[in-house]
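**Q** Pasting a structure here, questions to come.
The values are calculated or read from the model by the stated rules, or taken from the named source; none is laboratory data. Computed from a prediction, not measured in an experiment: that's the story for all the values here. Using ideal geometry, Cβ is built from the backbone for each residue, glycine included, and neighbour counts are taken over all protein chains shown. Only protein heavy atoms, including side chains, enter the accessible area calculation; ligands, DNA and RNA are left aside. Shrake-Rupley method; radii C 1.70, N 1.55, O 1.52, S 1.80 Å.
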Amino acid sequence: MASSILFPPPPHPPPRHHQYHSRNGALQRHSLNFDRAGDDAALGHRLLSYPDPSSALAFFHSLPFIPTSPFPYNALLRTLYRARAHHDVLSAYALLRSRSVSCDNFSLPLALRSASALSHLPVGLDAHSLAIKTYLSSSLSVLTALVDMYCSCGLPGHARQLFDRAQTRDVVFWNTMIAGLVKCGWFVDAQDLFDLMPERNISSWNTLLDMHCKVGDIDYARRLFDEMPDRDTISWNTMISGYAKVGDCDAARVLFDLMPKRDLVSWNVMITSCVHSRRFHEALELFRMLQGEGVRADGMTVVAVLLACAHLGALDLGRWMHRYIRSHRIQMDLFVTTALVDMYGKCGSINEARKVFDLSTNKDAFLCATMIEVSAMYGKVEEAFQVFDYMLNLGIKPNDVAFVGLLNACAHVGLVETGMKYFEKMKREFALTPKMEHYGCMVDLLGRAGHLDEAHELICSMPMKPSPVVWSSLLSACKIHDNLSLAEEVACRLIELEPENCTNYVLLANIYSKANRWDDAAKTRRLMKEKGVVKTPGCSLIEVGNGVHEFFAGDRDHPRREEIYEMLNDMVVKLKGSGYEPCMFSALHDADQEGKEQALLHHSEKLAFAFGLITTEEGSAIRIVKNLRVCDDCHLFFKLASKYYGRKIMLRDYHRFHHFSDGSCSCSDYW
């Protein structure tokens, strides 16, 4: 029987009709204007006029009679579907079925499309059965919706059978079948069907273009793109996104600049591509262009821009973005909130990061993990533990990222036993299998604390092959504790694993230099040269005014270089009077005393600091971001400089934050 409902309605809270009646008694009065005879058309038009699903549902349920023709139900289904209220669509479809109202080729496709959106197979099967019983299974609109539903529910074989048996097919039916095959990963079948199409429209081409971009076949995708008889904005966006996915930001930018018309998706794809390619300045420039063209940003835009600000340490720009989010009423969802916490944390303002975190009314594991990581970067281990306990009290299960933050926090202050407890807790209490990152944190924790043998044993007992990053953590620990024999063993292994990674050679050369074994240090540098390995230059960023300035070691390209070097030389003279003695073992070159001192003096973070002194107000804080680990000499230099010049210096290296103030550092010289 048609009235027999064979499927459970999808889980969804019932509509709160009483709210609408109490807020607007007109709904009740209007419903009384309809009687049983001849008002179905007017009733349907009224339902279609409601802009939101709640009002339409409230009006429908306030009717003093039960409609018996399909028209009002179709209107209700269309209003709900238009608002993407798919649960409500299926509930309305269940109501229609329970009242034995006949379905037609308007109601069935709407119910099937919502079943497709929710991957709700029971509803789809019921609708298919009903279509067969009511002789609607040959309707092209019903067939198209059935094909889409079966593919969305992971049954492309069923969909293909329907497609092959169809007597008539239009281009929309072909496109739906091809898109469904792509969705299910049947790429070869999708390509074969595309080749058989009697006619294609732009949607056909876009579907195949998207498929080849998603599987990384970018060359074939570009051939399709070039062969397209017509292109719309979706075509351009898909091709640009394809280049972005394979990391070819240059090709993506060329196409972006050639676009005849851009939408917000175009800008988001290009800005995000630049961020993923570490072209942060370009990402910010694109955002300025977006504003210049009057395009309104959304949450995806601001998340990408906040990531760029975080990497550049651009706190002022990050704060401006926060104001932009508020003034443009961009939704503070979890993605935006997490990006803000990350930005403030990485830009040196943990208090603002914590404020955003505390004000968030909707927290998840990723937001809490980000706050834990930020606390760890600052060495605020107790705050990291508090956030962890807080998320547990909220009933949020911690993810593996949260434990990376906890282990890092322990490593920064040498809490070996506590770190070991958290390492065991993640396995025992939360059934999380430690990943490479967790083992790397444990090696770092043990190594910094001087437990080199235990760290080495842990690496050898790992259930997976240790990554070079894990071995590199042990090598760094060998440098800290002057264990030359183990350092040589680990370095040899690292050079074998990553012969083109300059960090391994530099660390070993630094260890030799610290031990005054200049011949071995020179030999290591010659090996680098023979293998064609180029040392990653030290680079430091400082935000001044409306821009971010970049300095490299020994940089003389800045327009104010003469003032910078004059300030730098003046600083050295004054700080030597305060007890500064250059740490010569931080100089890798086997040069004379003066040569080593000059090499240390021209480190990028010192140049950035000198520039900060001549461009910022006296007494203001100076924030610097460096791409490499700060050396011992610069660490000592900044401690003394913070006291002499009365400045707070916030230096973020690749591992953590160092807050220098009044002659001391927040790391307590444990880094």
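**Q** Show me the three semi-axes of the equivalent ellipsoid for the chain, from the C-alpha gyration tensor (sqrt of 5 times each eigenvalue), largest first, rounded to whole Å.
**A** The equivalent ellipsoid of the chain has semi-axes of 60, 28, 26 Å.
**Q** In Å³ and rounded to a whole number, note down the convex hull volume per residue for the Cα atoms of region 268-336.
**A** About 79 Å³ per residue, rounded to a whole number.
**Q** Further question: Just how many pairs of Lys in region 345-432 have C-alpha atoms closer than 23 Å, counting pairs that are eight or more places apart or on different chains?
**A** Final tally of qualifying lysine pairs is 15.
**Q** While we're on this one: Can you tell which of G538, G577, Q598 lies farthest toward the positive end of the dipole of region 525-671, using +1 and -1 charges on the Cβ of basic and acidic side chains (Lys, Arg; Asp, Glu)?
**A** G538
**Q** Starting from the Cα coordinates of region 36-113, work out the convex hull volume and express it per residue in Å³.
**A** So the per-residue hull volume is 78 Å³.
**Q** Could you run the Karplus curve 6.51 cos²θ - 1.76 cosθ + 1.60 with θ = phi - 60° over region 190-201 and give me ³J(HN,Hα) per residue in whole Hz, x for Gly and Pro?
**A** 5, 5, 4, 5, 4, 5, 8, 4, x, 8, 10, 10
**Q** How do the peptides 317-324, 566-573 rank, highest first, by the average count of neighbouring beta carbon atoms within 10 Å per residue?
**A** 317-324, 566-573
**Q** K531: which lysines have alpha carbons under 23 Å from its alpha carbon, excluding same-chain residues fewer than 8 sequence positions away?
**A** In chain and number order, the partners are K523.
**Q** How much of the accessible area of region 251-408, in percent, comes from carbon and sulfur atoms when a 1.4 Å probe is used?
**A** 54
**Q** Further question: For the chain, with the dipole built from +1 on Lys and Arg beta-carbon atoms and -1 on Asp and Glu ones, taken about the Cα centre, which of S114, L224, A252 lies farthest toward the positive end?
**A** The Cα lying farthest towards the positive end belongs to S114.
**Q** Can you order the peptides 645-654, 176-185 by their average number of other Cβ atoms within 10 Å per residue, highest first?
**A** The packing order, highest mean first, is 176-185, 645-654.
**Q** Could you work out how far apart the two model spin labels at N362 and V246 are, taking each label as a point 7 Å from the Cα in the direction of the beta carbon, and quote it in nm?
**A** It works out to 3.7 nm between the two label points.
**Q** Stick to the Cα atoms of region 293-440, pair each with every other, and give me the Kirkwood hydrodynamic radius in Å at one decimal.
**A** The Cα-based Kirkwood calculation yields 15.9 Å.
**Q** Please state the equivalent ellipsoid semi-axes for region 372-470: what are the square roots of 5 times the Cα gyration tensor eigenvalues, largest first, in whole Å?
**A** One finds semi-axes of 22, 16, 10 Å for region 372-470.
**Q** Using the per-residue mean of other Cβ atoms lying within 10 Å as a proxy for protection, in what order, highest first, do the peptides 273-280, 392-399, 233-240 fall?
**A** 233-240, 273-280, 392-399
**Q** Considering the zone a paramagnetic label at E500 would reach in this model (a point 7 Å from Cα along the Cα-to-Cβ line), which residues of region 534-550 have amide N under 16 Å from it?
**A** Under cut-off, by backbone N: 534-536.
**Q** Taking the Cα centre as origin and putting +1 on Lys and Arg beta-carbons and -1 on Asp and Glu beta-carbons, what dipole magnitude results for the chain, to the nearest 20 debye?
**A** Result for the chain is approximately 1840 debye, rounded to the nearest 20.
**Q** Would you list, by chain and number, the lysines whose Cα falls below 30 Å from the Cα of K261, excluding same-chain residues fewer than 8 positions away?
**A** Straight-distance partners of K261: K183, K214, K245.
**Q** Divide by every residue of the chain the summed helix terms, -39500 (n - 2.57) for each DSSP H run of at least 4, and state the resulting mean residue ellipticity at 222 nm, rounded to the nearest 500 deg cm²/dmol.
**A** Dividing the helical sum by the residues of the chain leaves -20000 deg cm²/dmol.
**Q** Sticking with this structure for a sec: Enumerate the calculated ³J(HN,Hα) couplings along region 254-260 in order (Karplus 6.51 cos²θ - 1.76 cosθ + 1.60, θ = phi - 60°), each rounded to whole Hz, writing x wherever the residue is Gly or Pro.
**A** Result, rounded to whole Hz: 4, 5, 4, 5, 8, 4, x.
**Q** Using +1 at the C-beta of Lys and Arg and -1 at the C-beta of Asp and Glu, which of I459, N393, M442 has the Cα lying farthest in the positive direction of the dipole of region 353-497?
**A** The residue sitting most towards the positive pole is N393.
**Q** What size of dipole, in debye to the nearest 20, comes out for region 283-404 about its Cα centre when the only charges are +1 on Lys and Arg C-beta atoms and -1 on Asp and Glu C-beta atoms?
**A** Charge dipole of region 283-404: 360 debye, to the nearest 20.
**Q** For K576, go through the lysines and keep the ones whose alpha-carbon is under 26 Å away, minus same-chain ones fewer than eight residues off.
**A** K514, K596, K606, K626, K639, K643, K648
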